[in-house]
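Visitor: Structure incoming, see below.
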Amino acid sequence: MRLSRSVPPHRQSSLRRLLVAALLGGGLLTAPPARAIEEVVIEFPVLELDVTLRVAELEDPALLRRGTSDLAELDRASGGILGPRLVEVFSQPVPVAVTRIAEGSVGSPLFEQAMLVLSSLGTVEGRPPDLSGEVLRQALEKASAGGEPTLLSLIKAIPGDRVRLDLGRLREVSQRMLAQRRRSEELIAAVAPAPVAPAADQSAGPAPIRQEISLTVPHRPQPLDVLLLRPSQGGNGRLVLVSHGLWDRPASFEGWGRRLAAAGYTVALPRHPGSDQEQQQQVLSGKLPPPSPEELVLRPKDLSAVIDAAADGRLQVSGLDTRQVVVIGHSWGATTTLQLAGLAPSDIELRQRCANLEDPERNLSWTLQCSWLQAADLAGISDRRVIAAVAVSPPLALLFPRGSGSQLHSRVLLVSGTRDWVVPPDPEAVQPASLGATRHGHRLVLARGGDHFNLRPGDGPQGGVLGSLMLAWTDGAFAAGERARPAEGALNLLTRADWGNAQIALTDVSERLQAP
């Protein structure tokens, strides 16, 4: 028998999650051989053991009681407790969304990248993975023939002889994720956080005027919807744009707009139709594939189109000065703002590194970045009207060439959370900022305990964790005017120091950065 010791009870939930993730991931699905799956082998490298589960024994409790597999012996050793629990795991229905996504996403670059990553968790022995998702789609269709598919019926529909799952891969990924946060934690521990302004100084003032408008744009067949927030009285004639991330929406960032509008700014938040929350719902229902690489080109065009509309009066706000604009973005929206600020994407590192699952800098955001390969060399779309930008949690390490900060014509503030596992602070923010960027006035602010989602503001009037920081950077940029452009020895645009937050400490670590 291959089993050298029993599986500890605390590992059972991890085992369940692994089975679901790996079997649905697509890396286990291969070109159809003659036989169907008969065994599932789970490797525990740290414990130096393999556990073999026979598919037939998972179907019939009587076979399990009489069986000779590792699962049968574990069941007998546990007094008949473990077997029924595992049978219950394999009897769980496959979420309907998984089937619909597979139906609508076959061949999508983003879907292929997700399947490539998940393929590292397991294999069908001797068969190359099908990264297109076609075999997964066929297996789900076959498993659904008799009704709602379960994990077990999906396993039976997978062509092959044996599935092998590697639990050690989860441990490796976990260690890599911890390492990608270590440098940011060291930096933030060495610098005092920014002070917090008194509550009275953070008053948002009267509610802004809120409008939803539709713009005809030359680069999209459908109109571009824009949420517009402007001061209820007065106004300084300055324009700020906010770009949302993948499968998000303008309303998630309305808090930044409200904080800035209360200070006199007009804030436009476009909805990027090819990668917004509505598009996500279409993907989950199987009606659309995931966002195409073309969105890397279309998103910055959305922002420039809004500036154009403001310039010719179509935003219905008089007196706006569009010669100098500030842009703010989160996640993919942060990448979009960096493009507009002057960074030109390149496919060089995407081609060299996307297929390497062992790359020590690999992180979840690479799944999205690698899906942009086909459009990277077409997405150098900047706008000289932008004088400053804020990029919160930006996926950028593979997309923009190292040391390309010299291309920037706008001053950039990078913001990253020390607990962001979607777009980790290193290599996506700390490393790029270390390459001499601070000499030209760019800054890096780290949020202790910030993750990919809690740095978003929601719709509160204070602008969430980063509200005061957004206002300080925007004020500094417009006060500097053309001097906000990057330059050797440029003055810090954060002229106010009290932009911190009481719940999540914010620290400007720019002066501590050194080129690796």
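The values are calculated or read from the model by the stated rules, or taken from the named source; none is laboratory data. This is a predicted model, so every value here is computed, not measured. Virtual Cβ from ideal backbone geometry, glycine too; neighbours counted across all protein chains shown.
Visitor: From the list 232, 184, which residue is assigned by TED's automatic domain parsing to the domain that holds residue 298, closer than 22 Å to residue 452 by Cβ, in contact with a strand residue (DSSP E or B) (Cβ under 6 Å, 6 or more places away or on another chain) and at pLDDT below 95? Explain how you work it out, then say what you get.
Guide: Details: 232 fails: closer than 22 Å to residue 452 by Cβ.
Just one listed residue meets the conditions, 184.
Condition check ((1) closer than 22 Å to residue 331 by Cβ; (2) part of a loop (DSSP other than H, G, I, E, B); (3) among the hydrophobic types (A, V, I, L, M, F, W, C)) across all residues:
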residue: 451; (1), (2), (3): yes, yes, no
residue: 455; (1), (2), (3): yes, yes, yes
residue: 473; (1), (2), (3): yes, no, yes
residue: 479; (1), (2), (3): no, no, yes
residue: 483; (1), (2), (3): no, no, no
residue: 486; (1), (2), (3): no, yes, no
residue: 490; (1), (2), (3): no, yes, yes
residue: 496; (1), (2), (3): no, yes, no
residue: 504; (1), (2), (3): yes, yes, yes
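Visitor: Which residues, counting only those in segment 266-309, are more than 17 Å from residue 375 (Cα to Cα), out of contact with any Asp or Glu (no Cβ under 8 Å at 6 or more places or on another chain) and in a loop (DSSP other than H, G, I, E, B)?
Guide: 285, 287, 288, listed by residue number.
Visitor: Condition check: assigned by TED's automatic domain parsing to the domain that holds residue 339 and farther than 19 Å from residue 452 by Cβ. Does residue 251 satisfy that?
Guide: Answer is no for this residue.
Residues are listed down the side, and each one gets a yes or a no for (1) of a type outside the set (Gly, Ala, Ser); (2) within 24 Å of residue 357 (Cβ to Cβ); (3) modelled with pLDDT under 70:
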{"residue": "103", "(1), (2), (3)": "yes, no, yes"}
{"residue": "106", "(1), (2), (3)": "yes, yes, yes"}
{"residue": "128", "(1), (2), (3)": "yes, yes, yes"}
{"residue": "141", "(1), (2), (3)": "yes, no, no"}
{"residue": "148", "(1), (2), (3)": "yes, no, no"}
{"residue": "156", "(1), (2), (3)": "yes, no, no"}
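Visitor: Being assigned by TED's automatic domain parsing to the domain that holds residue 296 and in a loop (DSSP other than H, G, I, E, B) is the requirement here; does residue 413 meet it?
Guide: Criteria not met by residue 413.
Visitor: Just checking, does segment 432-444 include any residue being touching a helix residue (DSSP H, G or I) at 6+ places or on another chain (Cβ under 9 Å) and under 19 Å from residue 368 (Cα atoms)?
Guide: Yes, segment 432-444 contains a residue that is touching a helix residue (DSSP H, G or I) at 6+ places or on another chain (Cβ under 9 Å) and under 19 Å from residue 368 (Cα atoms).
Visitor: Right, another one. Does residue 388 satisfy the condition of being touching a Lys or Arg at 6+ places or on another chain (Cβ under 7 Å) and either within 28 Å of residue 505 (Cβ to Cβ) or not in a loop (DSSP other than H, G, I, E, B) (or both)?
Guide: It is true that residue 388 is touching a Lys or Arg at 6+ places or on another chain (Cβ under 7 Å) and either within 28 Å of residue 505 (Cβ to Cβ) or not in a loop (DSSP other than H, G, I, E, B) (or both).
Visitor: If you don't mind, another one. Between a first residue in segment 325-353 that is in contact (Cβ under 8 Å) with a residue 40 or more places away in the chain and a second residue that is part of a helix (DSSP H, G or I) and among the charged types (D, E, K, R), which pairs have beta carbons less than 6 Å apart while being 6 or more apart in sequence or on different chains?
Guide: 336/299
Visitor: Which residues, counting only those in segment 262-277, are under 13 Å from residue 303 (Cβ atoms) and either modelled with pLDDT under 95 or within 20 Å of the chain's Cα centre (by Cα) (or both)?
Guide: 269, 270, 271, 272
Visitor: Go through (1) over 18 Å from residue 365 (Cβ atoms); (2) in a loop (DSSP other than H, G, I, E, B) one by one and return the number of the condition residue 423 breaks.
Guide: (1)
Visitor: Here's a check for you: in segment 472-490, which residue that is in contact with a Gly (Cβ under 7 Å, 6 or more places away or on another chain) and in contact (Cβ under 8 Å) with a residue 60 or more places away in the chain is farthest from residue 410 (Cα to Cα)?
Guide: The qualifying residue farthest from residue 410 (Cα to Cα) is 490.
Visitor: Let me ask another. Could you list all residues from segment 77-93 that are of a type in the set (A, V, I, L, M, F, W, C) and part of a loop (DSSP other than H, G, I, E, B)? Let's see the steps before the verdict.
Guide: Pass one, segment 77-93, residues of a type in the set (A, V, I, L, M, F, W, C): 77, 81-82, 86-87, 89-90.
Of everything in segment 77-93, just one residue is of a type in the set (A, V, I, L, M, F, W, C) and part of a loop (DSSP other than H, G, I, E, B), namely 81.
Visitor: Can you list residue pairs whose Cβ atoms sit under 8 Å apart, with the first residue in segment 75-96 being within 27 Å of residue 145 (Cβ to Cβ) and the second being of a type in the set (Ser, Thr, Tyr)? Count only pairs 6 or more apart in sequence or on different chains.
Guide: 90/150; 91/150; 92/150; 93/150; 94/150
Visitor: Any residue at all in segment 423-430 that's touching a residue at least 40 places away in the same chain (Cβ under 8 Å) and either surrounded by fewer than 20 Cβ atoms within 10 Å (Cβ to Cβ) or polar (S, T, N, Q) (or both)?
Guide: Within segment 423-430, not a single residue is touching a residue at least 40 places away in the same chain (Cβ under 8 Å) and either surrounded by fewer than 20 Cβ atoms within 10 Å (Cβ to Cβ) or polar (S, T, N, Q) (or both).
Visitor: Select, from 313, 342, the only residue that is assigned by TED's automatic domain parsing to the domain that holds residue 484, over 22 Å from residue 417 (Cβ atoms) and touching a His at 6+ places or on another chain (Cβ under 6 Å).
Guide: On the way: 313 fails: touching a His at 6+ places or on another chain (Cβ under 6 Å).
Answer to the selection: 342.
Listed here are the residues, each with its yes/no results for (1) of a type in the set (Gly, Ala, Ser); (2) modelled with pLDDT of 95 or more.
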| position | (1), (2) |
| --- | --- |
| 460 | yes, no |
| 468 | yes, yes |
| 471 | no, yes |
| 477 | yes, yes |
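Visitor: Tell me, which residue of segment 332-356 that is out of contact with any helix residue (DSSP H, G or I) (no Cβ under 8 Å at 6 or more places or on another chain) and part of a loop (DSSP other than H, G, I, E, B) is modelled with the lowest pLDDT?
Guide: Once the filter is applied, the top-ranked residue is 356.
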